[in-house]
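First up is the structure itself, then whatever we jot down about it.
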Amino acid sequence: MVSNGKKSTLTYTVLLLIVLGITLQAAQLSAGGSPNPLINETRTGIPEGLDWYPVAVFGDNRPEWTHYVKYPSVFYRIVDDMKTLNPVAVIGTGDHVGEGRPQQYEELYRTLSGLSNVWLVPGNHDFHWPGSHTYWHDYIGPDNYIIKSIPGWTFIFIDAVTSNATLFNQTVKDLFSQAGTARSIAIVTHYPVEPWLNHNLNQTDAGPEKQATMKYYIHKYNVSLVLEGHWHGYAEKREGTTLYIVTGGAGAPLYHAPSGSDADKIIEGLHHYLVFIFYPNGTYTYTTVYPEYGDLRVVKVNESTVLIHNTRLTLERKPATLPFRVDLSDGSANYTVLALVDSGKPEAITLIGGNPVEVGVTSGVHKVQVVHNNSRIPAKILRLDDKYAANLWSQYQNSKKNTETSTHQTPGQQSKTATGTSTSHTTATRSSTGSNGGQTSSTSTSSMLITREGRAGTIIAVLVLALFFATIAVVKKHY
């Protein structure tokens with residue numbers, strides 16, 4: 001027989017557990033809310049009529065310790081690079097969070113917001129946590145889908161992680177039936193189909209059946225490109241007209257290459273991401289980028305001129321020529337300029353205006369195209385003396401030094417001298433982030449999320465107090 005004291009303690013415990021459960025649910029709803037999925041939040045119009053379209057690709061950015069929320073610093077550097085390059089789209093090959101907890105998806109959402117057209121496919125780590133499938137759909141979007149936004153190309157995103165062989169076969173069949181044959185096809189999936197890396201699709205649950213399905217449709221539809229992750233390094237293999245690329249080096253612990261691999265190329269031990277240029281005729285080029293050497297910077301001198309400093313290298317440690325997309329104005333209209341920029345000295349792009357619009361560029365800037373009202377327009381390209389960029393860069397560097405010096409003075413001195421120097425530096429920094437087409441948006445989105453979390457904290461505190469006092473009242477009434 002249970003005494004009244006024990007019954008009272010038991011009742012308190014049960015009621016407090018109920019309060020805690022309700023509070024945790026409220027916290028999740030308040031802090032996570034129902035965000036606009038990243039695929040919709042980042043959707044922006046892709047310009048029509050371009051000769052080429054830049055797209056960034058990364059994979060396996062998860063933390064080393066899978067319960068962590070924050071990412072390795074190299075992934076934040078990669079995201080900064082992508083926001084500076086401002087490609088028309090960003091593709092991820094899976095394992096974007098450690099376990100699939102809502103806080104981890106919140107951090108991923110916050111980190112990638114501000115980029116254009118973020119298209120991700122799930123990996124095995126994205127679905128470890130109970131309810132993680134729901135979080136993926138809430139924060140990221142669908143797990144199997146098709147994108148046809150880039151002329152000449154169809155991108156098929158395939159979740160090879162969660163379904164059994166029968167469902168997987170039907171899903172892949174349905175996706176390819178929508179792809180058609182008039183465009184080149186690129187597949188994005190997590191587990192590598194090829195090359196063999198001792199970390200492949202056919203080594204997973206129902207893997208041999210899934211592998212056979214993938215190979216069948218890759219051959220049947222003459223797939224041009226397969227982008228994969230899961231193995232933490234870089235590898236590639238060509239089979240006929242199909243190139244398989246494994247890119248799993250955006251932050252997760254790096255792997256050693258297995259002996260006996262049939263890859264045409266393997267690069268281990270280096271973090272990286274890729275930048276593709278897709279052409280409307282169904283061809284492509286690509287560059288590996290090693291983010292731990294050099295710098296990417298866009299400095300907006302004024303509304304019509306930017307300085308670009310690209311000193312990034314490829315994984316082979318060669319200078320990386322990369323595509324940049326910057327927003328400029330001639331005072332009467334706004335334009336977007338896309339250009340390939342060499343790695344090395346600072347380069348300048350300046351919008352002169354006119355009809356057709358004239359754009360001045362220094363020697364390391366190539367393949368310039370201009371967009372107005374989301375469509376390609378005719379442009380006349382003029383060559384500027386490289387000294388023009390060198391002088392502007394020198395002025396920018398001096399401005400930075402003056403600002404840094406002012407921050408080390410006494411408070412009284414700083415308030416007098418910083419007024420003249422930090423204003424120009426602040427303007428350059430703000431313009432730089434605005435010019436890449438994503439950073440400014442990212443800042444505002446982060447602020448929105450922080451504000452939402454602040455409100456969530458207040459709501460949760462009120463709920464906790466209200467439920468606690470309600471619990472006490474119920475207990476007192478019965479005892």
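Some observations on this one:
- Annotation: amide H-H contacts under 5 Å for residue 352 (H modelled 1.01 Å from N, sequence separation of 5 or more, or interchain): 358, 359, 360.
- Kirkwood's formula applied to the C-alpha pairs of segment 36-289 gives a hydrodynamic radius of 17.9 angstrom.
- Backbone HN-Hα couplings from phi across segment 159-171 [Karplus 6.51/-1.76/1.60, Hz, Gly and Pro as x]: 7, 9, 8, 9, 8, 6, 5, 5, 5, 4, 4, 5, 4
- Other residues lying with their Cβ under 15 Å from the Cβ of residue 260 contribute a combined charge of -3, Lys and Arg counting +1, Asp and Glu -1.
- Theoretical gain in end-to-end length, residue 203 to residue 283 [0.36 nm per residue, Cα-Cα removed]: 25.6 nm
- With a cut-off of 13 Å between beta carbons, the residues surrounding residue 38 carry a summed charge of -4, where Lys and Arg count +1 and Asp and Glu -1.
- Zone of residue 222's modelled label, taken as backbone nitrogen in segment 185-213 under 12 Å from a point 7 Å along Cα→Cβ: 185
- Cβ-derived FRET efficiency at R0 56 Å, residue 259 paired with residue 334, nearest 0.05: 0.50
- Cα point-scatterer Debye curve for segment 123-250, base-10 log of I(q)/I(0) at q = 0.20 Å⁻¹: -1.26
- Space enclosed by the convex hull of the alpha-carbon atoms of segment 215-332, per residue, Å³: 146
- Distance between the 7 Å Cα→Cβ label points at residue 317 and residue 167: 4.8 nm.
- Cut-off 13 Å between beta-carbons: net charge of the residues surrounding residue 51, Lys and Arg +1, Asp and Glu -1: +1
Every number here is computed from the coordinates shown, using simple stated rules; none is lab data. Every value quoted in this text rests on a predicted model; they were computed, and no experiment measured them. So basically every Cβ, Gly included, is an ideal-geometry build from the backbone, and we count neighbours across all protein chains shown.
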